[in-house]
Structures are given as C-alpha cells and as structure tokens.
Amino acid sequence: MEWSDGQPIYRQLRDLVIQRIIDGSFPEGEAIPSVRQVATDYRINHLTVGKAYQELVDMGLLEMRRGLGMFVAPGARGSLTNDEQRRFLVEELPAFASRVQMLGLSMQDIANRLVTIQGSENADHR
C-alpha cells in the first residue's frame, strides 16, 4: 500500500476499510485484521491503526468484542452503500452531467455507452 501525503495515514486506512466493507471483502459479522497485524503488514504505527479503527467504531461500522477483536457491525455495508449512493447522486452525477454537456455529448450517447459497458461487464462475469 502506498500512502499519499495528501491526507493522514489513519484516514487513508479508514477509507480502505470502508471500501473493503462496501465491496464485501470484510463481510458483516466477520473479524477484521487486528491492529497489530495491520501495523506490521503496512509498516505503520499501531496507534495510527487504532485511531482509524476507533473512527470506524464511532461511525457504527465496527464493533469491538472484548477478547476477540474488531468485527464489522451488522448493517455496516447497507449504511455505507446508501451513503455512497446518495453522495454519487448529489455530488458526482451533477458534475458528470455538466461535463457531458460541456463536451457537447448527448445524454443518449452516454446512456448507450453505459448499456454497452454494463453488457460487456456482465458477459465477463459469466
């Protein structure tokens, strides 16, 4: 993992765990790697990992089980997915639509391309 200088490592790690919850790599109810394991694997301070994990606990995405470790909280993926969908619709889609218009593309052409892309991705997963 390459850490960016643009934001603190604990935030980057937090975002990585969030992405893994969303994509299902860290399923709800399952344990995630321990603070020590992550610190060793990524060669970062255990306090940095602890801070990232604590933010995720505060957000209700992880839960600490005494003596067992950190686990993905029930409902975490759905909550994150809903938040990301809302953010996409409110922030990213309007920016995308503006760019499409600025480039002089038609929404129909974009829709057709999206259907083609979706079709080829579905064929790849079969």
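Amide H contacts of Leu62 (H built 1.01 Å from N, in plane; Pro and chain starts excluded): Val57, Ala73 sit under 5 Å, all sequence-distant by 5 or more or on other chains. Amide H to amide H, with H built 1.01 Å from N, Phe26 comes under 5 Å of Ile21, counting only residues 5 or more places away or on other chains. Out of Ala95, Ala52, Ala76, any idea which swings most in a Gaussian network model of the chain, alpha carbons joined below 10 Å? Answer for the Gaussian network model of the chain: Ala95. Restriction of the trypsin sites (Lys or Arg not before Pro) in segment 25-75 to DSSP coil positions whose beta-carbon has at most 14 other beta-carbons within 10 angstrom yields Arg43, Arg66.
Between Phe88 and Ser120, the distance separating the two model label sites (each 7 Å from Cα on the Cα→Cβ line) works out to 1.9 nm. Based on every Cα atom in segment 77-124, Rg and the maximum pairwise Cα distance Dmax equal 13.5, 37 Å.
Taking the square roots of five times each eigenvalue of the Cα gyration tensor of the chain, the equivalent ellipsoid has semi-axes of 35, 18, 15 Å, listed largest first. Note on the chain: dipole from Cβ charges, positive end direction compared against Ala97, Phe71, Pro27; the farthest Cα belongs to Phe71. Across segment 57-67, coupling constants 3J(HN,Hα) worked out from phi with the 6.51/-1.76/1.60 Karplus curve, θ = phi - 60°, read 5, 4, 7, x, 9, 10, 9, 8, 10, 3, x Hz, and Gly and Pro carry x.
A short reminder: the numbers here are calculations on the coordinates, not readings from a lab. Keep in mind that what you see is a predicted model, and the values were worked out from it rather than measured. Neighbour counts are summed over all protein chains in view; Cβ atoms, including those assigned to glycine, are modelled from backbone coordinates with ideal geometry.
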